[in-house]
1. Can you pull out the residues in region 154-182 that are open to solvent by 20 Å² or more (accessible area, probe 1.4 Å), touching a Ser or Thr at 6+ places or on another chain (Cβ under 7 Å) and under 14 Å from Gly110 (Cα atoms)?
2. Please count how many residues of region 126-153 are open to solvent by 70 Å² or more (accessible area, probe 1.4 Å), within 30 Å of Leu235 (Cβ to Cβ) and in contact (Cβ under 8 Å) with a residue 12 or more places away in the chain.
3. Taking the residues in region 240-255 that are at pLDDT below 80 and among the polar types (S, T, N, Q) as candidates, determine which candidate is surrounded by the fewest Cβ atoms within 10 Å (Cβ to Cβ).
4. Do we have any residue at all in region 58-65 that's open to solvent by 40 Å² or more (accessible area, probe 1.4 Å), at pLDDT 90 or above and not small (Gly, Ala, Ser)?
5. Mind listing whichever residues of region 43-65 are in contact with a Gly (Cβ under 9 Å, 6 or more places away or on another chain) and in a helix (DSSP H, G or I)?
6. Could you tell me which numbered condition Ala227 fails, if it satisfies all but one of (1) within 18 Å of Asn165 (Cβ to Cβ); (2) outside any helix (DSSP H, G or I); (3) free of Cβ contacts under 8 Å to residues at least 40 places away in the same chain?
7. Quick one: in region 18-41, of everything that is under 17 Å from Ala175 (Cα atoms) and buried (at least 18 other Cβ atoms within 10 Å of the Cβ), which residue is modelled with the highest pLDDT?
8. Kindly indicate the residue of region 164-218 that is small (Gly, Ala, Ser) and not in a loop (DSSP other than H, G, I, E, B) and also modelled with the lowest pLDDT among those meeting that condition.
Amino acid sequence: MTDTTRSTDIETTAPTPSGSIAAVGSETAGLTLQQKLDYASALADSELLPAAYKGKPANVLVAMEYGGELGIGTLVAVNQITVINGGVSMEAKLMMTLARRAGHIVRLSGDDKQATCIIIRADDPGHESVVTWDEAKAKTAGLWGKGHWAKNPGLMLKYRAASENIRLTCPEVLAGIVYTPEELDERTERAGRSTMRVHQVVAEPEKTAAYFMKALHLNGGQFKEFAQRVLGHPLKSWESLAQADKQRVLGALASWENSGADPTTGEILDAEPVEDGAA
């Protein structure tokens, strides 16, 4: 039976008490850079830190700075913010906490086969943003039956639906960190099969949004979701975008066409190319 109650996987309360995961402020606020470096070095010597931070004061300092931006303490930051192959990621639990702390409603429901995340923004209570992940979607992404997906598929489906919806609906709460550790691992693995990057590809002038939609087999909804992932904020319409933002999206689409992998998710999807010059 599908669980339709609010998930208890993530414990959040509002308002949150000082010192909790969502408490605003940091113990390093007001410190000089040298004091922060000394503090990071002291923490890096601890055996209690995750592997990404042991003996790596620079990583600790980065986590401290992100913690300051997010309004969370250093010890929470080093346990919820992870460095993987030079990339910075955030646990889905923290993403949800930050979204709820900002006043947005985040609802999770699901079972071991499907999970749905509904977000209602505090500034747009009349609209629900819905993202669903199911077994079929996880299999398409090459995730089903691997690692944590084999051990606890229900939880992984919930976390994936939540992280995707938060990126699309309220990305401002993430301070620029857009992936969970699992997602960053997947992107790193897929990057080994392609050296293409979004910023390395410039869309050719004649290749319009309509061209890429046809070449990559994207419908209107899929195109909008992709553009939102590239830009990091909700998209009202393609026509409303500034030219610079349009070029960012077109460049990302060009990267996808050239590499065969969606640069925002790392997913490799089959798409038959169309002839040059197609509208």
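1. Passing the criteria: Lys158, Tyr159.
2. Residues in region 126-153 being open to solvent by 70 Å² or more (accessible area, probe 1.4 Å), within 30 Å of Leu235 (Cβ to Cβ) and in contact (Cβ under 8 Å) with a residue 12 or more places away in the chain: 2 in total.
3. So the residue we want is Gln243.
4. There is no residue in region 58-65 that is open to solvent by 40 Å² or more (accessible area, probe 1.4 Å), at pLDDT 90 or above and not small (Gly, Ala, Ser).
5. Ala44
6. Every condition holds for Ala227 apart from (2).
7. The extreme case among them is Ser26.
8. Going through region 164-218, the residues small (Gly, Ala, Ser) turn out to be 175-176, 191-192, 194, 203, 209-210, 215.
Imposing the further condition that a residue be not in a loop (DSSP other than H, G, I, E, B) reduces the set to 191, 209-210, 215.
Values: Ala191: 52, Ala209: 87, Ala210: 88, Ala215: 85.
Taking the candidates together, the pick is Ala191.
The values are calculated or read from the model by the stated rules, or taken from the named source; none is laboratory data. Quantities reported herein were computed from a predicted structural model and do not represent experimental measurements. Neighbour counts are summed over all protein chains in view; Cβ atoms, including those assigned to glycine, are modelled from backbone coordinates with ideal geometry. Each accessible area value is taken on the protein alone, full model and side chains, heavy atoms only, with ligands, DNA and RNA left out. Shrake-Rupley method; radii C 1.70, N 1.55, O 1.52, S 1.80 Å.
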